[in-house]
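The values are calculated or read from the model by the stated rules, or taken from the named source; none is laboratory data. Here the structure is a predicted model, which is why all the values come from computation and not from measurement. Because the Cβ atoms are built from the backbone with ideal geometry, glycine has one as well, and the counts that use them run over all protein chains shown. These area figures cover heavy atoms from the full protein model, side chains too; ligands, DNA and RNA do not enter into them. Shrake-Rupley method; radii C 1.70, N 1.55, O 1.52, S 1.80 Å.
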Amino acid sequence: MKAGIVVFPGINRERDMAIALHASTGRAPAMLWHKNADLTGLDLVVIPGGFSYGDYLRCGAMAAQSPAMAAIRAHVARGGYLLGVCNGFQILTEAGLLPGALLRNAGLRFLSMDCHLRVERADTAFTNGYRAGEVFRAPMAHGDGNYFADDATLDRLEGENLVALRYATAEGVVSPEANFNGAARNIAGILSPSLRVMGLMPHPEDLVDPLMGGTDGKPLFDALAALEVA
Amino acid sequence: MKAEVTIMLKAGVLDPQGKAIGQALHGLGFAGVGEVRQGKIIQLELSETDPAKAKAEAEEMARKLLANTVIESFKVEIKA
């Protein structure tokens, strides 16, 4: 499986992502500066977290309009997989590759803490390392992670089974107490209808080694390691 | 020609910053303040000299970049 990480100015979690991908796939992912991002031959493209373009205007707004997005759209159009984490998720919604938007956290605070995620479906390339209903821990670090979409869009996401992950308690209860940023319907991660694009706010890449305090995020990257674009 | 684009979160979209501002105003003793909503203003200098065309151009910019119409509404005013 060949992975590449697209780096925009202000992105700062690309090395964490590279470590996680390297550990699971056995090969270092390509690090691709946005100005000359050649995505040819890649199975998976990842947009990592950070503060692209200083979060100017809106989180992800500038990166979503950058020329690199054309290459990323082409990668998706030819059947490639795309993962956006944190700022990467914000960029994907701003680019219209995933529906909705990420608002300022409901409590206004920047949240740097662990959360628990319940796996809503385990039959996708991103989540098949988990069981449906399984709960795993993931660090989060964001100021704008409050997922929003209008009711019709939320109903469609749920109707088409495109919610990948929800904020839950460690016991797997999807409740307001577990929903630290106030996300609509506790949504932490969503999928495109093709199931080849996923965006999520928390950082599974930061929990893939006992030295990091746990390996809860590793099944996601182990699953991705098995990917191959036909 | 100058255009001013006012961008606000849509009605129904939670505005926690507006809420915090409202609470701070209450803390300062402004007891009569009800709901507070905050947004942003973007001023554009345009080479276009026709007001209608300038407005249409600024509206296109708002739809494409300045506002995220999933969560925000915008209003364009042409100023001389």
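Consider A:Asp150 carefully, then state whether it is within 11 Å of another protein chain (Cβ to nearest Cβ) and surrounded by fewer than 19 Cβ atoms within 10 Å (Cβ to Cβ). Yes, satisfied. Among the residues of this structure, A:Leu97 does not count as one that is within 30 Å of B:Gln38 (Cα to Cα), open to solvent by 10 Å² or more (accessible area, probe 1.4 Å), within 11 Å of chain B (Cβ to nearest Cβ) and under 14 Å from the mean Cα position of the chain (by Cα). Are any residues in region A:205-230 in a loop (DSSP other than H, G, I, E, B) and more than 30 Å from A:Leu108 (Cβ to Cβ), and if so, which ones? Of everything in region A:205-230, those that are in a loop (DSSP other than H, G, I, E, B) and more than 30 Å from A:Leu108 (Cβ to Cβ) turn out to be A:Val208, A:Thr215, A:Ala226, A:Leu227, A:Glu228, A:Val229, A:Ala230.
Among the listed residues A:Arg137, A:Arg166, which satisfies the condition of being assigned to a strand (DSSP E or B), closer than 29 Å to B:Ala11 by Cα, in contact with a strand residue (DSSP E or B) (Cβ under 7 Å, 6 or more places away or on another chain) and not hydroxyl-bearing (Ser, Thr, Tyr)? Steps first, please.
Values: A:Arg137 fails: closer than 29 Å to B:Ala11 by Cα.
Exactly one residue qualifies, and that residue is A:Arg166.
Among the strands (runs of 3 or more DSSP E) contained in chain B, which hold 3 or more residues that are open to solvent by 80 Å² or more (accessible area, probe 1.4 Å)?
On the way: elements: B:2-9, B:39-45, B:72-79.
In chain B, the matching strands (runs of 3 or more DSSP E) lie at B:39-45.
Identify the residue in region A:107-124 that is part of a loop (DSSP other than H, G, I, E, B) and at pLDDT 95 or above and, among all such residues, is nearest to the other protein chains (Cβ to nearest Cβ). Among them, the one singled out is A:Phe110. Here A:Gly79 meets the list (1) in contact (Cβ under 8 Å) with a residue 60 or more places away in the chain; (2) buried (at least 20 other Cβ atoms within 10 Å of the Cβ) almost entirely, failing just condition (2).
The set of residues in region A:170-199 being open to solvent by less than 50 Å² (accessible area, probe 1.4 Å) and polar (S, T, N, Q) consists of A:Ser175, A:Asn179, A:Asn181, A:Asn186, A:Ser192. When each of A:Ala74, A:Ala23, A:Ala70, A:Ala63 is tested for being of a type in the set (A, V, I, L, M, F, W, C), in a helix (DSSP H, G or I) and crowded, with 19+ Cβ neighbours inside 10 Å, the lone residue that passes is A:Ala63. Within region B:68-79, being farther than 12 Å from B:Ile41 by Cβ and either more than 13 Å from chain A (Cβ to nearest Cβ) or in contact (Cβ under 8 Å) with a residue 24 or more places away in the chain (or both) holds for B:Ile71, B:Glu72, B:Ser73, B:Ile78. State whether one or more residues within region A:110-125 are touching a Pro at 6+ places or on another chain (Cβ under 7 Å) and open to solvent by 10 Å² or more (accessible area, probe 1.4 Å). Among the residues of region A:110-125, at least one is touching a Pro at 6+ places or on another chain (Cβ under 7 Å) and open to solvent by 10 Å² or more (accessible area, probe 1.4 Å), which makes the answer yes. When A:Pro202 is tested against (1) outside any loop (DSSP other than H, G, I, E, B); (2) buried (at least 23 other Cβ atoms within 10 Å of the Cβ), just one condition goes unmet, and that condition is (1). Tallying residues that are touching a helix residue (DSSP H, G or I) at 6+ places or on another chain (Cβ under 7 Å), farther than 22 Å from A:Phe180 by Cα and away from chain B (no Cβ under 12 Å) within region A:64-94 yields 2.
Cβ-Cβ distances below 6 Å connect the following pairs, each with a first residue in region A:90-110 that is of a type in the set (Asp, Glu), a second residue that is not in a helix (DSSP H, G or I), and a separation of six or more residues or different chains: A:Glu94/A:Gly60.
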